[in-house]
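To start, the structure itself, in structure tokens.
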Amino acid sequence: MDAAFAALGEYLARRDDWPAPQWVRDPALEAMPWWFVTALKGLHPRALVESPLSFRKRGIFITRGALQRA
């Protein structure tokens, strides 16, 4: 969950053009094993492609619309 918050923090900082908090750069904030937010395995390939970079590099995979619903 910490990795997801770091990914979200970095994503929002880039989107809104403000500096990301220092703690989001912690390399330990990575999901191991990878975490697909949806349990629907049919959406996993889509999540691999659509996840923003800040999520992918932490091993967290979401679909494009996930951040619009949050």
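The values are calculated or read from the model by the stated rules, or taken from the named source; none is laboratory data. Predicted, not measured: the structure shown is a model, and the values here were computed from it. Glycine also receives a Cβ, built like all others from the backbone with ideal geometry; neighbour counts cover every protein chain displayed.
Scanning the range 27-51 for residues that are charged (D, E, K, R) and touching a helix residue (DSSP H, G or I) at 6+ places or on another chain (Cβ under 7 Å) yields a count of 1. Here the range 40-70 is the region considered, the condition is being outside any helix (DSSP H, G or I) and of a type in the set (Ser, Thr, Tyr), and the residue that is modelled with the highest pLDDT is 51.
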